[in-house]
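Q: Before we start, here is the structure in question, set down as structure tokens.
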Amino acid sequence: MSRIVTIAIVAGLLGVVAYSLLHQQLTGARSDDGGCGAAGRESSRSCASAALPRRVGGTLPMDARAFVDTIGVNTHLFYVDTSYGDYALVRRRLRELGIRHIRDGLDPARTPAFFERVNDLAAAGIKSTLIACRVEPPGVPWTTYVKDAKTRVRSSLDALEGVNEPDLVAAGRDWISSARGCQRKLYRQATRSTFGAPLRVPVLGPSIQAVNLQRFGDISDRADGGAVHPYPGGMRPSRPGPYASAAHLVGVREHQFGGAHAPVYATETGYHDALNTTSTHPPASQRAISIYLPRLLLEHAKAGFKRTFVYELVDERPDPARADVELNYGLFESDWSYKPSATALRNMIALLDSPRRSRRGRLRYSVSKTVDPDGPGSRGVVNDMLLQKADGSYWLALWQDSTVWDENARTDIHNPGATVRVTLGRRMTLSKYRPTHGLAASRSRTARSITADVGDDVLLIKMR
């Protein structure tokens, strides 16, 4: 009798093991270590050189429309003596790009045309984040402009923001107490009945350099979210160090919001192409910027930034010498012709945007490298991010975390591609796009896997 029981128990255990292995093979269930892919604010990691493990049921994608909504652009609608003076082109180019969010500023010197433009853009689906706290001369209290926000552009607002870079524009003064006082006043006026009913938009803190966040202190009683300016300084978007965007985001939450998961906005970031500047802020070539910018926006969304505003829409004036940093941040030349970065941004938004939010469904997939990841050149690990559109299609973004510009020698770097294989949990129709080069797709095929050459720029794989 005991022998029969023993045999039954062993048979049962073998059956459990066999079922577990079969279930793992069918569902793609693996350990969570090193998972690959993005799910909005969920953790997302870089792809290793072997096929990457997935959670049971697959990866939850980020909504594609929500990703596009993380993208904004800085403007200067009141700079009427610059390229911004042609408002018709401002509006046209914003709509061509597919941008739905801008950042600009408020103060009493604004002409009525400024408010008219903000409201006109809102009518076209482009809302504004406006700086509403300004530095005044020494000895004069810093001023807030909530009254204009409430009475002139209320329905056109995305958010109000505290003073812009107080530790730079007011260096040498008591900028900390002044900026904190202005932020308190701004928050109270915006959230109470001063000048009219309370605003129903977030109030962001001032944009502080990473090294000064701890000195500035907690602002959780006077802000709904943080604002940072993580410029890569001519380096790849994932640059290391205290000014790295991910570290900056963590620092804001730690020092300004007591570790709470507060929304953080990158209200300025980007690259300039003043290749002959002697400034300590390094430039990058237009080719490098067109590669880096789409990667920067994807990496910021993966890291959890609520919104990222590229600085800025257009070069304010011609600068034939390419020496003035402030005149060369634009996505467009001063004559409103497209730079390569504007084309890459327009194409990425056109491919990923969706008329409405999607009903997201998990997707099982893995990404594996089929070549040596430590090959020649400045190649980096292959990163990925999964998105889904309202039509049900999945879009997998792939890119190397590579360096394509030598900011010291000021020369472009051309890296060999990395061959990767994307394996899916089921057969799907697959197409490849490179927004840096255009909107055309590769020839579609239906399969459970696809091999792709992932270069420095973003590769999008559409899966239906």
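Bear in mind these aren't lab numbers, they're just calculated from the coordinates by the rules spelled out. Quick caveat: nothing in here was measured; it's all calculated off a predicted structure. Virtual Cβ from ideal backbone geometry, glycine too; neighbours counted across all protein chains shown.
Q: Taking the Cα centre of segment 218-284 as origin, work out the dipole magnitude from +1 charges on Lys and Arg Cβ and -1 charges on Asp and Glu Cβ, in debye rounded to 20. Provide the component values of the computation, followed by the final result.
A: Working: 4 positive and 6 negative charges, 47 e Å.
The calculated dipole for segment 218-284 is roughly 220 debye.
Q: Could you pull the Cα extents of segment 376-416 along its three principal axes, largest to smallest, in whole Å?
A: Principal extents (Cα only, largest first): 46, 19, 12 Å.
Q: Counting alpha carbon pairs within less than 8 Å and at least 6 residues apart, what relative contact order, in whole percent, applies to segment 179-256?
A: Relative contact order for segment 179-256 comes out at 29 percent.
Q: A further question on this structure: Starting at 0 and stepping by 5 Å, how many percent of the alpha carbon pairs of segment 231-314 end up in each bin?
A: Result, from short to long distances: 3, 15, 24, 24, 17, 9, 6, 2, 0 percent.
Q: Still on this structure, please answer the following. What share of Cα pairs, in percent, lie more than 21 angstrom apart in segment 399-464? Mind showing how you got there, number by number?
A: Values: 736 of 2145 pairs.
Here the tail beyond 21 Å accounts for 34 percent of pairs.
Q: Grab the eigenvalues of the alpha-carbon gyration tensor for segment 133-264, scale each by 5, take roots, and send me the semi-axes largest first in whole angstrom.
A: The answer is 26, 17, 14 Å, longest axis first.
Q: Quick one: Debye curve from the C-alpha atoms of segment 265-347, no solvent, what's log10 I(q)/I(0) at q = 0.17, 0.22 Å⁻¹?
A: Calculated log10 I(q)/I(0) at the listed q: -0.65, -1.03.
Q: Which of the lysines could a cross-linker bridge to Lys147, judged by Cα under 25 Å and excluding same-chain residues fewer than eight apart?
A: Lys127, Lys185
Q: Still on this model: Using the Cα centre of segment 365-464 as origin and beta-carbon charges of +1 (Lys, Arg) and -1 (Asp, Glu), tell me which of Val454, Trp405, Tyr433 is placed farthest towards the positive end of the dipole.
A: Ranked along the dipole, the leading option is Tyr433.
Q: Pull up the DSSP beta bridges for the chain and report the antiparallel fraction as a percent, rounded to 5.
A: Counting DSSP beta bridges with both partners in the chain, the antiparallel share is about 60 percent.
Q: Along the charge dipole of segment 65-352, Cβ charges K/R +1 and D/E -1, which of Ser207, Val135, Ser279 sits furthest on the positive end?
A: Ser207
Q: Please state the charge dipole magnitude for the chain, taken about the Cα centre, from unit charges on C-beta atoms (+1 on K and R, -1 on D and E), reported in debye and rounded to the nearest 20. Display every interim value, and only then the final one.
A: Numbers: 62 positive and 46 negative charges, 504 e Å.
That gives the chain a dipole magnitude of about 2420 debye.
Q: When only alpha-carbon atoms count, how far does segment 75-122 stretch along each of its three principal axes, as whole angstroms with the largest first?
A: For segment 75-122, the Cα spread along each principal axis is 30, 20, 15 Å.
Q: So what is the relative contact order for the chain, in percent, with contacts set as C-alpha pairs under 8 Å and at least six apart? Spell out each step's value before the answer.
A: Details: 1073 pairs, mean separation 78.9, N = 464.
Result for the chain is 17 percent.
Q: If you don't mind, another one. Per the helix-only calculation at 222 nm, which mean residue ellipticity applies to the chain, given -39500 (n - 2.57) for every DSSP H run of n ≥ 4 and division by its residues, nearest 500 deg cm²/dmol?
A: -8500 deg cm²/dmol
Q: Give me the percent of Cα-Cα pairs in the chain that sit more than 31 Å apart, rounded to a whole number.
A: That tail contains 46 percent of the Cα-Cα pairs.
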